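Have a look at the structure below, then the notes.
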Amino acid sequence: MKKISIVVPCYNEEEAIPLFYEEINKTSKEIKDYDFEFIFVNDGSKDNSALIMKELAKKDKRVKFIDFSRNFGKEAAMYAGLELSSGDFITTMDVDLQDPPSLLPEMIKGITEEGYDCVATKSTSRNGYSFLRKTFTRWFYKIIAKISKTEMVAGARDYRLMTRQMVNAIINMKEYNRYSKGLFSFVGFKTKWIEFENQERVAGTTKWNFWKLFSYAIDGIVGFSTAPLIVSSIIGVLFCLISFIIIIFIVIRTLIFGDPTSGWPSLACIIFFVSGVQLFCIGIIGQYLSKVYLEVKNRPIYIIKDTNIKDKKHE
Ligand code: UDP
Ligand code: MG
């Protein structure tokens, strides 16, 4: 019998985990031809999430848990789950039931009957998210579509069923700065998209605030595009040209009319402006440099404190 692994990253989700388990247990009973494995990853929760997972694991031997030594972020949690999964088909799912388990049968069919390597989901609306977040997200996808060769689908969720082959390809990308939406797209494979109406969280609150999302967006841009570097170079060249023209103009004017000593306010403005642009461009370079720095250090993506998964690596 083939096995489906479901990877569930959890961060302070003590209320949502039991509800999720109940739901996924129901779905797994409806899908008769497959074995299941539920991998709960405790991403350094400060509440009782780890305890609840361990209790579940005692009751149900399909439940696996991975307990991180601290909060490493959702990307790291997903990576750990994928790496330690043993199923033939693998999916990641949010524990807050915003990724409806009821879509699973359709997703399985996409792979087994329609010949896809991956069935991904995207939500059609963003109900339940703030206006600021919605606007910001829309802009992010517009920008990234223009500047990156890797295609990123707006509204795409991390909820996708993948074959073992595709997951192995993703695991093999061991980069430290992970941006899954880009990585999924980078590895290729034939992907079918399913749309669904956005669901509200069943319990608990969102773990993302504006700044967390903002820096995640920067990760996405810096990880999958070098366009900002080119932009900063173009701005630099443009300012050189402008200042060159101004210098010629001033020299000629001085030769013809002499030197009327005025105009220091405009000069001060120009100095401010140009140094602002310089700092902006150095900042962009710094972004890339900092990512290189983190990659070069080659630190582990996650550290496990406790798990009930025996053999660590699977093929
Ligand atoms: N999550 C995590 N580590 C984090 C932040 C979030 O494992 O540092 C998990 C969280 O428990 C949930 C999923 O990632 O299962 C999605 O988070 P959330 O629902 O807060 O995001 P949103 O739906 O608001 O985008
Ligand atoms: Mg959510």
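Details
- Accessible area of Glu23 (1.4 Å probe, protein heavy atoms only, ligands and nucleic acids ignored): about 70 Å².
- Two-site FRET efficiency, Glu197 against Val231, from Cβ-Cβ distance with R₀ of 51 Å, rounded to 0.05: 0.85
- Accessible area per residue was computed with a 1.4 Å probe on protein heavy atoms; Ile282 scores about 110 Å².
- Candidate aspartates and glutamates - alpha carbon under 20 Å from Lys32, same-chain residues fewer than 8 apart omitted: Glu22, Glu23, Asp60, Asp88, Glu106, Glu113, Glu114
- Apportionment of accessible area to carbon and sulfur, the chain, percent (1.4 Å): 62 percent
- Segment Arg253..Gln278, full-extension length gain: 6.2 nm, with 0.36 nm per residue of separation and the alpha-carbon distance subtracted.
- Heavy atoms of the protein chains alone define the surface here; on that basis the chain has 55 Å² accessible area per residue at 1.4 Å probe size.
- Net length gained if the chain between Lys149 and Thr206 were fully extended (0.36 nm per residue, minus Cα distance): 17.5 nm
- Working from label points 7 Å from Cα in the Cα-to-Cβ sense, the Lys122 to Leu51 distance is 4.2 nm.
- Across the chain, C-alpha contacts under 8 Å between residues 6 or more apart give a mean separation that, scaled by the residue count, equals a relative contact order of 23 percent.
- Stretching Asp35 away from Met173 to a fully extended chain increases their span by 46.9 nm, per 0.36 nm per residue minus the current alpha-carbon distance.
- Under the criterion of Cα pairs below 8 Å and six or more residues apart, the relative contact order for segment 83-227 equals 39 percent.
- Short-range pairs are left out: with C-alpha atoms under 8 Å and at least six residues apart, the relative contact order of segment 1-110 is 41 percent.
- Value of [θ]222 nm, deg cm²/dmol, for the chain, DSSP H segments ≥ 4, -39500 (n - 2.57) each, nearest 500: -16500 deg cm²/dmol
- Here is the result for segment 1-64: no chymotrypsin sites (Phe, Trp or Tyr not before Pro) lie in DSSP coil with at most 14 other C-beta atoms within 10 angstrom of their C-beta.
- Rg and Dmax of the chain, both derived from C-alpha coordinates alone, stand at 25.1, 92 Å.
- Amide H contacts under 5 Å for Arg160, placed H, 5+ residues apart: Thr92
- Greater than 32 Å apart at Cα, pairs in Lys54/Lys149; Lys46/Lys310; Lys29/Lys310; Lys146/Lys207; Lys46/Lys146: Lys54/Lys149; Lys46/Lys146
- Taking a span of 18 Å or more along the helix axis (Cα atoms) and a mean Kyte-Doolittle hydropathy of at least -1.0 as the rule, the DSSP H helices of the chain that qualify are 16-30, 131-147, 210-224, 227-257, 264-297.
- Förster radius 41 Å - calculated FRET efficiency between Phe131 and Lys58 (Cβ-Cβ, nearest 0.05): 0.40
The values are calculated or read from the model by the stated rules, or taken from the named source; none is laboratory data. Nothing here was measured: the structure is a model prediction, and the numbers come from that model. Please note: Cβ atoms are built from the backbone with ideal geometry, for glycine as well, and neighbour counts cover all protein chains shown. Only protein heavy atoms, including side chains, enter the accessible area calculation; ligands, DNA and RNA are left aside. Shrake-Rupley method; radii C 1.70, N 1.55, O 1.52, S 1.80 Å.
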